[in-house]
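Right, one structure below, let's go through it.
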Amino acid sequence: MNRMIGVALSSVLVASLIAVGASQVVSRGVTAKPSTDLAANPITISGIVGTEKGAYFADPAVKQRLAALGLTVNVDTAGSRQMATAKNLKDYDFAFPSSAPVADKILRANKPISTNAPFYSPIAIATFQPIVQVLSLVNVTKPNVGGYQSFDVGAYLELTKKGTRWDQLPRNASYPAKKAVLVSTNDVRSSSAAAMYLAIGSYVANGNKPVSNEAEISKVMPAIGQLFLGQGYSESWSESSFEDYLALGIGKTPMLLTYESQFLEYQLRKDGSLGPDMVLMYPVPEVQSKHIVINLTPGGARLGEALQNDPELQRLAAKHGFRTINPAVFTDVTSGSGPTPPVLLAQVIDPPRYEILESMINHLAKLY
C-alpha cells in the first residue's frame, strides 16, 4: 500500500473529521472496509495517546477485549500538543491525540496509512454549585437542557476585560475570594483542551466568527491573553488538574476547563469521587474535541478499526465518558447515572485551522 499522504489530502481529511459523528476509515482518500477477522495473527503494538485516554487503555476490560481481537496494546501518554510538536513518532504504530487541529499537525509531519475517529468529547467546565449561583447573577451561567448549566463566554469575557475578582461580584457570600474570575486551564502551550478553549474565546472576541488571519489575531489577543496569563501557574496535564479539582475543591479550582468525558467517567463510577455540589457547565459557543487515531502502521490500522467498529470497545469508551459514533451506545451507558448529557449541536463551532491556532498560541507563549 502506498503510505504517502500529501499535505493537501491531509487538510481535506481533517476538515471532514471535524464534523461530529464522522465514522469513515480513511486511507488514500477512500473508505476502508472493516476486517472480518481481527483476531487472526495476534500482534503487539505501541502508541502514544492523550493523557485523558490513559485510563481507557489501562482498563482491564479494554485490555481483555483487545486481546480477544488479537491486539496487545502498549501506550505512552502525553499532552496532545506535545505529541504533535515534541514527540518522535517513528517508534509508534499509532498516535491518538484529542483534537482535529493537532491531528492535522501530526498528519502533515508523518506518513499515516489511515485514520479513524472512534469517539469525541465536548469541552466543558467543571465547577461547584455555589459558583454557578454566583455567576447566574451576572448572566454568565444559565440553566441548560437536562439539568446541566450553560456558560456564556461572551458575558464571561466582559467580566475578564474588567479584571473582575470574585469578591466584587454582587451578593457573593459563598465564594468571596480576592482572585480574578477566571476558568483554570492547563498550559495552552502543551494542552489540546486549552487550545480548544482558546478557539472558543477567540471566536467570541472576533465577533462570533473563527479567527482567520494575522490581523484578526492581533485584534483578539488583548482579550484572550487575560484568560490565560491571569491564571498564574498552570498544570501541563489534564489528569493532574482534574485530580486537584476532585481533591482540593473550590478553594483551589472554582472553575476548571476539562473534557466532558473526564467528569462523566467519575460520575459513572458512582464511587463518591464527585461531591454533591460538583457540577458541569458547557460553554456557549462549544467545541467538540475529536479523538482521532492516526494509524502509522498496519498494526495501528487494526487498532483504529477495532476502536471504531467493535461494539464492546465502543461501549467501554462510553463507560469512560466518551461520546461514541453511535449515539445510542453513549445514551444507553450514561442513562440513569445523573442528568442526561445534553445535545449540543446548536451551539457547536469549528476551531480555526491549525496554522491560525498555532499562531495564537505562539503569541501567548511570547507573553508568558
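The values are calculated or read from the model by the stated rules, or taken from the named source; none is laboratory data. Because the structure is predicted, anything quoted here is derived from the model rather than measured. Counting neighbours? That spans all protein chains shown, and the Cβs are built from the backbone with ideal geometry, glycine included. The protein model used for the area step is the full one, side chains on, heavy atoms only, and it has no ligands, DNA or RNA in it. Shrake-Rupley method; radii C 1.70, N 1.55, O 1.52, S 1.80 Å.
When residues of the stretch 186-210 are filtered for being touching a strand residue (DSSP E or B) at 6+ places or on another chain (Cβ under 8 Å) and open to solvent by 10 Å² or more (accessible area, probe 1.4 Å), how many remain?
The qualifying residues number 1.
Between a residue in the stretch 198-226 that is farther than 21 Å from Leu159 by Cβ and any residue that is open to solvent by 60 Å² or more (accessible area, probe 1.4 Å) and assigned to a helix (DSSP H, G or I), which pairs come within a Cβ distance under 9 Å, given they are 6 or more apart or on different chains?
Once the first residue is farther than 21 Å from Leu159 by Cβ and sits in the stretch 198-226, its partners that are open to solvent by 60 Å² or more (accessible area, probe 1.4 Å) and assigned to a helix (DSSP H, G or I) give Val211/Lys219; Ile217/His363; Ser218/His363.
Glu216: modelled with pLDDT of 90 or more and under 25 Å from Gln288 (Cα atoms), yes or no? Outline the logic, then answer.
Numbers: modelled with pLDDT of 90 or more: yes; under 25 Å from Gln288 (Cα atoms): yes.
When the stated conditions are applied, Glu216 passes them.
Identify, from the list Pro342, Pro351, the residue that is closer than 16 Å to Ser99 by Cα and part of a loop (DSSP other than H, G, I, E, B).
Values: Pro342 fails: closer than 16 Å to Ser99 by Cα.
Unique residue meeting the criteria: Pro351.
Could you tell me which residue of the stretch 44-66 is most open to solvent (accessible area, probe 1.4 Å), considering only residues that are over 18 Å from His291 (Cβ atoms) and without any contact (Cβ under 8 Å) to a residue 12 or more places away in the chain?
Applying the filter and picking the extreme gives Gln64.
Do we find that Glu286 is in contact (Cβ under 8 Å) with a residue 24 or more places away in the chain, of a type outside the set (A, V, I, L, M, F, W, C) and over 29 Å from Val153 (Cβ atoms) in this structure?
no
Just to be sure I understand the filter: pairs with C-beta atoms under 6 Å, separated by 6 or more residues or on different chains, first member in the stretch 150-162 and more than 18 Å from Ser184 (Cβ to Cβ), second member of a type in the set (Lys, Arg) and surrounded by fewer than 20 Cβ atoms within 10 Å (Cβ to Cβ). Which pairs pass?
Ser150/Lys142
Is it true that Leu313 is touching an Asp or Glu at 6+ places or on another chain (Cβ under 9 Å) and of a type outside the set (D, E, K, R)?
no
Among the numbered criteria (1) within 22 Å of Gly79 (Cα to Cα); (2) assigned to a helix (DSSP H, G or I); (3) among the hydroxyl-bearing types (Ser, Thr, Tyr), which single criterion is violated by Thr160?
So the condition that Thr160 fails would be (1).
Are any residues in the stretch 324-339 closer than 20 Å to Ala100 by Cβ and open to solvent by less than 20 Å² (accessible area, probe 1.4 Å), and if so, which ones?
Scanning the stretch 324-339 gives Thr324, Phe330.
How about the stretch 225-235: which of its residues are open to solvent by less than 40 Å² (accessible area, probe 1.4 Å), small (Gly, Ala, Ser) and at pLDDT 70 or above?
Result: Gly225, Gly230.
Between a first residue in the stretch 181-193 that is under 14 Å from Leu229 (Cβ atoms) and a second residue that is among the aromatic types (Phe, Trp, Tyr) and crowded, with 22+ Cβ neighbours inside 10 Å, which pairs have beta carbons less than 8 Å apart while being 6 or more apart in sequence or on different chains?
Val183/Tyr156; Val183/Tyr197; Thr185/Tyr197; Thr185/Phe228; Val188/Tyr197; Val188/Phe228
Counting residues that are of a type outside the set (A, V, I, L, M) and at pLDDT 90 or above, which helices (runs of 4 or more DSSP H) fully inside the stretch 236-311 reach at least 3? Break it down stepwise before answering.
Details: elements: 238-248, 260-269, 298-309.
The qualifying helices (runs of 4 or more DSSP H) are 260-269, 298-309.
Can you name the residue in the stretch 108-117 that is crowded, with 23+ Cβ neighbours inside 10 Å and of a type outside the set (A, V, I, L, M, F, W, C) and, of all such residues, is nearest to the chain's Cα centre (by Cα)?
The qualifying residue nearest to the chain's Cα centre (by Cα) is Asn116.
Against the conditions (1) within 27 Å of Glu355 (Cβ to Cβ); (2) modelled with pLDDT under 95; (3) open to solvent by 20 Å² or more (accessible area, probe 1.4 Å); (4) in a helix (DSSP H, G or I), where does Tyr120 fall short? Just the number, please.
(4)
Across the stretch 123-151, what is the number of residues that are open to solvent by 10 Å² or more (accessible area, probe 1.4 Å), hydrophobic (A, V, I, L, M, F, W, C) and more than 21 Å from Pro285 (Cβ to Cβ)?
Total satisfying the criteria: 1.
Ser261 - would you say it is closer than 23 Å to Leu344 by Cβ, open to solvent by less than 40 Å² (accessible area, probe 1.4 Å) and in contact with a helix residue (DSSP H, G or I) (Cβ under 7 Å, 6 or more places away or on another chain)?
Yes; evaluated as a whole, the condition is true for this residue.
What are the residue pairs meeting all of these: first residue in the stretch 350-368, first residue in contact (Cβ under 8 Å) with a residue 12 or more places away in the chain, second residue of a type outside the set (A, V, I, L, M) and not in a helix (DSSP H, G or I), Cβ atoms under 7 Å, and 6 or more apart or on different chains?
Close Cβ pairs (under 7 Å, with a partner that is of a type outside the set (A, V, I, L, M) and not in a helix (DSSP H, G or I)) amount to Asp350/Pro210; Pro352/Pro210; Pro352/Ser212; Ile356/Ser212; Leu357/Pro351; Ile361/Arg189; Ala365/Arg189.
Filter the stretch 67-101 down to residues that are acidic (Asp, Glu) and either open to solvent by less than 60 Å² (accessible area, probe 1.4 Å) or modelled with pLDDT of 95 or more (or both), then give me how many there are.
Count: 1.
Only residues that are under 14 Å from Val134 (Cβ atoms) and exposed (fewer than 15 other Cβ atoms within 10 Å of the Cβ): list them for the stretch 168-178, please.
Gln168, Pro170, Arg171, Ala173, Ser174, Pro176, Ala177
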